[in-house]
Each structure stands twice: as C-alpha cells, then as structure tokens.
1. Please report the accessible area of B:His85 (heavy atoms, 1.4 Å probe, ligands and nucleic acids excluded) in Å², nearest 10.
2. Give the shape of the stretch A:151-254 as rounded, prolate or oblate, defined through the alpha-carbon gyration tensor: a ≥ b ≥ c are the square roots of its eigenvalues, a/c under 1.5 means rounded, and otherwise the shape is prolate if a/b is larger than b/c and oblate if not.
3. Sorted by accessible area with a 1.4 angstrom probe, largest first, how do A:Val190, A:Val116 fall?
4. Going from most exposed to least, what order do A:Ile46, B:Ile163 have by accessible area with a 1.4 Å probe?
5. Can you tell which of B:Gly62, B:Asn101, A:Ala8 lies farthest toward the positive end of the dipole of the protein assembly as shown, using +1 and -1 charges on the Cβ of basic and acidic side chains (Lys, Arg; Asp, Glu)?
6. Return an integer: the convex hull volume of the alpha-carbon atoms of the stretch B:1-40, in Å³ per residue.
7. What list of ³J(HN,Hα) couplings, whole Hz, do you get for the stretch A:244-260 from phi and the Karplus terms 6.51, -1.76, 1.60, once you set θ to phi - 60° and write x for glycine and proline?
8. For the interface of chains B and A, what total accessible area is buried with a 1.4 Å probe, rounded to the nearest 100 Å²?
Amino acid sequence: MSSSISLASSTKAEWIKFRSLRSSIYSLITLISLTVGLGALITFAIAKHYADRGGDLTYDPIASSLAGLFFAQFVVGVMGAIVMTGEYATTSIRTSLAAFPRRTEFIISKVVVLVVTLLIVGEAMVFVSYFIGHMIEASYNVPTASLSNAATWRAVSFGGVELVLLSLLGFGLGLLLRRTAAAIAVFVVVLLVAPILLNILPSSWGEPILRWMPSNLSQGMISLTRDAHTFGPWNCLIILALYAIGLVSLGIVFFNRRDA
Amino acid sequence: MIQLKNLTKRYDNVVAVNDLTVDIQPGVVTGFLGPNGSGKSTTMRMILGLDRPTSGSVTIDGKNYADLKFPLREVGALIDAKALHPGRSARNHLLSLAATNNIPKKRVDEVLDIVGLSKVARKRAGDFSLGMGQRLGIAGALLGDPQILLFDEPVNGLDPEGIRWVREFFRGLASEGRTVFVSSHLMSEMALTADDVIVIGRGKLIRQGKITDLTESAVGSVLVRSPQADALGAALRQAGFQVTADNETSLTIGGATSEQVGDVAHENNIALHELTPQRASLEDVFMELTADSVEYSGSQHTTEETK
Ligand SMILES: Nc1ncnc2c1ncn2[C@@H]1O[C@H](COP(=O)(O)OP(=O)(O)O)[C@@H](O)[C@H]1O
Ligand SMILES: [Mg+2]
C-alpha cells in the first residue's frame, strides 16, 4: 500500500465515478448504436444502390461500414467535455479536489479512464461495424475490403483511436471552458462548421488550412482512399494526437492556476 | 492546528478576506462567525487549497493542504452539501471519495451508519432532502476519521431536529479531541456549539476568543421602575447614562450596570420598585460587533437565510 495518495488511487476513484453514473452507460449505448447501427444502415443503402446501378459507381467498402463514426465523433466529444464540465456544473469539483488536491494527477486520472474506456469500446465497435458491413456487402456482391490487407486493417483499427483523440479534444475544451454548452459549441464549430466555411472559400485559400482541421485529420485516419490535400493516415494520427495533448496540457496549466 | 497568516483573497473588485491572521486550536469547537458575505466560505476554500490566496498563507500542521499525504485522513470538510453529482448514489459517491485516499470500503458503510443513511445508501443523492444531503456531506467529512473537521454553515436549511443532531454531533467530535471549525452567520447557533469564536466582518478579523468572554464583555442595559421615574431619569442623564422612558414609571438605562443605577437613585433619595439588569444576548453582541461590516442590511437575522 502506498504512503500517500497517488495517480493509481485517483484513477480508481475516477473509474468508480464513471461507472456509477447512468449517463455514462447511456452515452456508451448511444455511441455503440450510432456507430454500428448507422454503419450497417448506410452500408445497406449504398450497397443496394450500387448493386441496382450495376456497379457503374465507385464504391468504398470501408467508408460505408465506418460511416457511423462521423456521428460518433460528436458523441465522444460531448462525453469528453462532460467529464470536466459535469464537475463544474454540480460543483462537485470542490469535493473532488478537497479529497485529491494534486491537480495534474487528478486530470491525468480522468484522461486515463476516458482513454481506456473509449479505446476498448471504440475498437470493439469499429471491428463489429466492419464485419457487419462486410456481410452486407458480400450479400449484394459489391466490392469488399479484407482485413488481411494492411491498409484496410489500419483504416479500421484507427477508427477507435480517432474517437479517443476527439474525446480528448472535447475533454480539453471542457477543462478550459468549464461549461458544457460552451465546450460543445466550440467542438461543433471546429469539427463541423469551420470545414464547411473553409470549403466555401476559394480552394487555394481553404485547402491548405482544411488539411489541418481535426475533421479532415480524423477522416484521413480511417480512409482507404486519399486525395492530394490530405495528410497520410499516420501523419493525421500524429497531428491530431498533438492537438489533443496540446489542448489538454494547456488545460492543465490553467487548471493548476485557477480557483476551483 | 490550522494557521492563517495574513490571509487575503481579492476577487475582481471585492476583498473577500482581508489580512486574516488566526490559529484554530485543536480539541475544541471553534465557531467562525460573520454576516453573509463576510468571507467565511472563501476562507474555508483557501484552507482546503481550492482557492489560491492573493497573499498570505494557510497551513495545516505546518503543511500546505496539497502536500498532505492523505488529505481526507487529516482534514474532513463539508463546504457545500450539494457539491456532489446528483445522479450518483450516496454509497458510490462515498466509495469514490474513499478510493482517492485508500480508505477501505467498510469505512463507507460505517460512516453511512453513523449519519443514519444506511437505508438510503443506494438511492440517488440528488433525490435526498436537504437534511439528508447535509448528513451525506458529514459522512464524507468523517470518511478518513480525520483529526480536523471543517463545516461551512452546516445547519443552513435544516429543521430543528436536524440542527439538534448536528450540534450534539459536533460536541461529540470535539470531546474526542478533534479540531472542529464551524462557520455560521447566526450567533445563537454558535452559543450552543462552540467553545471559541472567531468573528469576522467584511473579511477582517473583528474578535477572537472564548465565547463566554464575548458575552461578559458586552455592556448591557438596566430596567428600572420607580414612582419618581422623571426625577430619576433626569439624575441618570446628568450622570451621563442613556435613558429611555418606557412609560410613566419605567425606564431603560443603556450602558449602565444595576449598581450604578442603584447608587444614583440612593444619592437622589429616589425609591425604586424594580432594578433589573438586561443581559445582552449573544445575538445582540454579534450584531453590535458586526454592525459596521454588514454587507446586506435589511431583514437579515429575522429568519434563517439559506445563503
Ligand atoms: N468566486 C468568487 N468570485 C467573486 N466574488 C466572490 C467569489 N466568492 C466569493 N465572492 C465574494 O466574496 C465575498 C465573501 O463571500 P463568502 O466567502 O461567500 O462569504 P460568506 O461565506 O461569509 O457568506 C462576497 O462579497 C462574495 O460576493
Ligand atoms: Mg458562505
């Protein structure tokens, strides 16, 4: 038994806090049903359409199986934000920090619980989505992607990682802004609104910026195809991870300075 | 021992705590008194390392709160009974707190039992009544069996039965040799609970000492009845006392003792029918002490305000 409070003791507490809230369970159920359910539905629709047209379209088997991830991004962003903003909204942050005053370790323990939970759930669900999509595609005789192909394996397995990184962006925003509505608003603007606005700009302006946007980076991580303006999947992962680490680190600096 | 040294906290344009220097002694209940907005909660938050002092320092047995090895085993605090997630059950709330400080699970059931919440331990804390919430907060403070306990306005919003329970509970804790630091904006509350008091107003220390000294130091008034009330009143005024005529035969003399009034009557050959010292109540003393520093004047102290 250790001689003082530690990252381990705080992580254990954060895990109890996470699993003892019904809202955590509901969020996970929403996440799984959106990803798997919408993935299956979209694959079904596109595969059927493709089959009806007799194959004169291009078909990206992974893009349709993992289509649910687009919606999942917002669920994990909100989940990440709420980990912090929930503490502020209920003022339980004061009770938490009175019990565990080492603030950096407190944040890291929350990050550990969020990352581990979403990595396990995320990976499980992208592979399930992949297999369901594969079955649908096979039944319509449309092109399928095999996991024995390294690129396919990477695209699918990065799906869970993508969600973890986006949840950390949400978490970082929650840590900095402290209010659920503000954190979610910024998250949606950055992920959804900003790319649309950038697309409206002349492409010589928009495109160089667009490739650095989290939405494009996360998409780049899970795509089999790649256009000239997008970074490669590994670079996308690294850049997005740097954003997440940067934002959370900045949040930790402020968190250590501010009153609880 | 909790030591505050020149403790000061300034928010944007308010000085919430102003150069406060006090030691909070072990083994007694210390009442922390002041009108609403006088800086009690801010002081409590600084003791717990939640708010950072603008200047000055707070130490617990010479250490910063953040440097305590197991904070909950050294200091237990109830700063706000609502400072928990309403969706979590009482037991899970306490289990998570216990985990942070490596406190065994069975202690959670023990404290639930102590505060009488065992039966509702698995209910959502958000559905608790104010009194139950307060008990849950106290259970959290007791988790680590700490020697030092802080309670910020623990009786706010409690019914009389709850107030009596809390009062007896605190006395019990102090009798076990613990340091109990309790804030209140009601002097009457402290009169029954505290041994020592620290009175603040607008963030500044007004008075510190034994609660008994506080009442003794208060200058009271004297009620006197006499068939020659007019003549007596004139004589007393001449002797420099404040005289208020209650009716034709009775007067209230402020700032005087019954001996002084009796002597003046004797010197002037005036018969007295009654001579009663009016002891200032603790509440009066408190009002007098903090009169200059009340932030929100008006109808306070007529009812127990919930903040
Ligand atoms: N976080 C804060 N930001 C700005 N002002 C605050 C904050 N907390 C307290 N204050 C102000 O500081 C003063 C003291 O408040 P507080 O410590 O809550 O007093 P008490 O607990 O004695 O009622 C009040 O004027 C209050 O408005
Ligand atoms: Mg207060």
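The values are calculated or read from the model by the stated rules, or taken from the named source; none is laboratory data. All of these numbers come straight from a predicted model, not from anything done at the bench. Using ideal geometry, Cβ is built from the backbone for each residue, glycine included, and neighbour counts are taken over all protein chains shown. Just the protein is used for accessible areas: all its heavy atoms, side chains included, with ligands, DNA and RNA removed. Shrake-Rupley method; radii C 1.70, N 1.55, O 1.52, S 1.80 Å.
1. 50
2. oblate
3. A:Val116, A:Val190
4. My answer, sorted largest first, is A:Ile46, B:Ile163.
5. Value computed over the given set: A:Ala8.
6. Numbers: hull volume 2.4 nm³, N = 40.
Given the Cα convex hull of the stretch B:1-40, per-residue volume reads 60 Å³.
7. 3J(HN,Hα) across the stretch A:244-260, in whole Hz: 4, 5, x, 5, 5, 5, 4, x, 5, 4, 5, 4, 6, 8, 7, 6, 7.
8. 2600
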